[in-house]
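The values are calculated or read from the model by the stated rules, or taken from the named source; none is laboratory data. From a predicted model like this one, the values you see are computed outputs, not experimental measurements. Positions of Cβ are generated from backbone atoms using ideal geometry, with glycine treated the same way; all protein chains shown enter the neighbour counts. Please note that ligands, DNA and RNA were not included when accessible areas were found on the heavy atoms of the full protein model with its side chains. Shrake-Rupley method; radii C 1.70, N 1.55, O 1.52, S 1.80 Å.
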Amino acid sequence: EKGGYDHFMLKEIYEQPKVIRDTLLGRIGKDSTEVQLDGIRLDKETMEKINKVYIVACGTAYYAGSVGKMLLEAQARVPVVADVASEFRYRDPILDENTLMIVVSQSGETADTLAALRMAKKAGARVLGVVNVVGSTIAREADDVFYTCAGPEIAVASTKAYSAQLVAMYLLSMKIGQVLGKIGDEEFAVLRDALLELPEKVERVLENAHLVEDLARKNLHMKNVFYIGRGLDYAAAMEGALKIKEVAYLHAESYPAGELKHGPIALIEEGSLLMGLVGQEALLEKTISNIKEVKARGANVMAIAMEGNEEIRLAVDDAIFVPRTHPNFTTLLVNIPQQLFAYHIACGLGRDVDKPRNLAKSVTVE
Ligand code: M6R
């Protein structure tokens, strides 16, 4: 049932090109002039009434939501707050009929996410669920559902469902941006073409998996690891650090690159690993200078960056390169080596990769 792979986690990592294709299928194709989201009410009239969006989720789904927030704000020019459900539901958020809430959940059963959904509905807000499990509670209770097409995810650590959630965020921000007249035809075509190339680019990242495995072996005995990035790379950093904690049981932190020097840099010493994420090349110089500060304090420094970026190669001990894509979509590619890195560290340390200690696949308690 693991299809020849040692673990479900690895099998699911390798399923990602298919999962991305499946999530795009029927929604966008090579001749599309708009994103087709049948049955989801995001028409002009509905969207023009919306004055704010909340994206609410837990764990990895929240990190996908953070990507959604950045893209939706950038592309649709609507204010978006992304929050973890267990915080959102216990504060007093401003919810009314002009609010759109997007809840993101693989299982569709996460207790806090469901409670946030119910709160929003009670206040008259519209709720759009981005859900993987068909017919789950969140899917049933949301006003509209965008199904991610990741198929069953067995490993506790989410990999393919996260990629499918990212694709959902990409499509939704394009859709809403277009409906609100913020994305013109030309820009749409550029985004569409870049999106359709992602599955093949993920395949190319997976072809180089052995390089990531070598680097995992080299870093097996690190004391701790710091993931840093700016903008969309920060969202990817949060996901990278969570994966290491979950499956390798190692202390990992994620920080916005510019925040490091406001405190956590005090933790850097020999035996620390810094993972610098540089998908967002507009911010390259800034992140490189943060990377150099850490290297000067004795940490081993690795980066995940876009192919052809020679500057980064010179600044770090080891670099992993992923194919170039539109800046909006780098997170998805940058994240794949992080998944493999966490997986191989976990295997190297003899962890129970598919069923890490203390964790449940779906958190139905509050
Ligand atoms: O089923 P959900 O997407 O609502 O689950 C949310 C989180 O519990 C989940 O993403 C968790 O963080 C995973 N173990 C991450 O790998």
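Mind counting the residues in the stretch 37-56 that are surrounded by 13 or more Cβ atoms within 10 Å (Cβ to Cβ) and free of Cβ contacts under 8 Å to residues at least 60 places away in the same chain?
3
Yes or no, residue by residue, for (1) within 16 Å of the ligand (Cβ to nearest atom); (2) over 22 Å from the mean Cα position of the chain (by Cα); (3) within 21 Å of Ala235 (Cα to Cα):
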position	(1), (2), (3)
Val35	no, no, no
Gly39	no, yes, no
Thr46	no, yes, no
Ile55	yes, no, yes
Gly59	yes, no, yes
Gly68	yes, no, yes
Ala76	no, no, yes
Asp92	no, yes, no
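Within the bounds of the stretch 96-117, is there any residue that is assigned to a helix (DSSP H, G or I) and among the hydroxyl-bearing types (Ser, Thr, Tyr)?
Yes: the stretch 96-117 contains one or more residues that are assigned to a helix (DSSP H, G or I) and among the hydroxyl-bearing types (Ser, Thr, Tyr).
Looking at Leu267, Leu273, Leu250, Leu211 in this structure, which one is touching a helix residue (DSSP H, G or I) at 6+ places or on another chain (Cβ under 8 Å), among the hydrophobic types (A, V, I, L, M, F, W, C) and touching a residue at least 12 places away in the same chain (Cβ under 8 Å)?
Testing whether each residue is touching a helix residue (DSSP H, G or I) at 6+ places or on another chain (Cβ under 8 Å), among the hydrophobic types (A, V, I, L, M, F, W, C) and touching a residue at least 12 places away in the same chain (Cβ under 8 Å) leaves just Leu250.
Consider Ala125 carefully, then state whether it is crowded, with 23+ Cβ neighbours inside 10 Å and within 16 Å of the ligand (Cβ to nearest atom). Don't jump to the end; show me each part of the working.
Numbers: crowded, with 23+ Cβ neighbours inside 10 Å: yes; within 16 Å of the ligand (Cβ to nearest atom): no.
When the stated conditions are applied, Ala125 does not pass them.
Please tell me if Leu333 is over 19 Å from the mean Cα position of the chain (by Cα), touching a residue at least 12 places away in the same chain (Cβ under 8 Å) and more than 16 Å from the ligand (Cβ to nearest atom). Quick ask: steps written out before the conclusion?
Numbers: over 19 Å from the mean Cα position of the chain (by Cα): no; touching a residue at least 12 places away in the same chain (Cβ under 8 Å): yes; more than 16 Å from the ligand (Cβ to nearest atom): yes.
Criteria not met by Leu333.
Do we find that Arg118 is more than 18 Å from Leu171 (Cα to Cα) and more than 14 Å from the ligand (Cβ to nearest atom) in this structure? Even if it seems obvious, please write down each step before you answer.
On the way: more than 18 Å from Leu171 (Cα to Cα): yes; more than 14 Å from the ligand (Cβ to nearest atom): yes.
Yes, satisfied.
Take the residues in the stretch 178-188 that are touching a residue at least 12 places away in the same chain (Cβ under 8 Å) and assigned to a helix (DSSP H, G or I), then tell me which one is most open to solvent (accessible area, probe 1.4 Å). Explain how you work it out, then say what you get.
Taking the stretch 178-188 and keeping what is touching a residue at least 12 places away in the same chain (Cβ under 8 Å), we get 178-180, 182-183, 185, 188.
Filter once more, so that each one left must be assigned to a helix (DSSP H, G or I): 178-179, 185, 188.
Values: Gln178: 38, Val179: 29, Asp185: 125, Phe188: 3 Å².
Of everything passing the filter in the stretch 178-188, Asp185 is most open to solvent (accessible area, probe 1.4 Å).
Could you please find all residues in the stretch 156-167 being among the aliphatic types (A, V, I, L, M) and within 12 Å of the ligand (Cβ to nearest atom)?
Applying the first criterion (among the aliphatic types (A, V, I, L, M)) to the stretch 156-167 yields 156-157, 161, 164, 166-167.
Selection gives Val156, Ala157, Ala161, Ala164.
Kindly indicate whether Glu153 is farther than 23 Å from Leu242 by Cβ, within 16 Å of the ligand (Cβ to nearest atom) and in contact (Cβ under 8 Å) with a residue 12 or more places away in the chain. Spell out the reasoning first.
Working: farther than 23 Å from Leu242 by Cβ: no; within 16 Å of the ligand (Cβ to nearest atom): yes; in contact (Cβ under 8 Å) with a residue 12 or more places away in the chain: yes.
The answer is no for Glu153.
So which helices (runs of 4 or more DSSP H) are wholly in the stretch 263-366 and hold at least 2 residues that are modelled with pLDDT under 95 and open to solvent by 30 Å² or more (accessible area, probe 1.4 Å)? Give the steps one after another, and end with the answer.
Numbers: elements: 284-295, 310-315, 330-348.
In the stretch 263-366, 284-295, 310-315 are the helices (runs of 4 or more DSSP H) which contain 2 or more residues that are modelled with pLDDT under 95 and open to solvent by 30 Å² or more (accessible area, probe 1.4 Å).
Report whether or not Ala216 is within 16 Å of Met302 (Cβ to Cβ), part of a helix (DSSP H, G or I) and open to solvent by less than 60 Å² (accessible area, probe 1.4 Å). Working first, answer last.
Numbers: within 16 Å of Met302 (Cβ to Cβ): yes; part of a helix (DSSP H, G or I): yes; open to solvent by less than 60 Å² (accessible area, probe 1.4 Å): yes.
Yes; evaluated as a whole, the condition is true for this residue.
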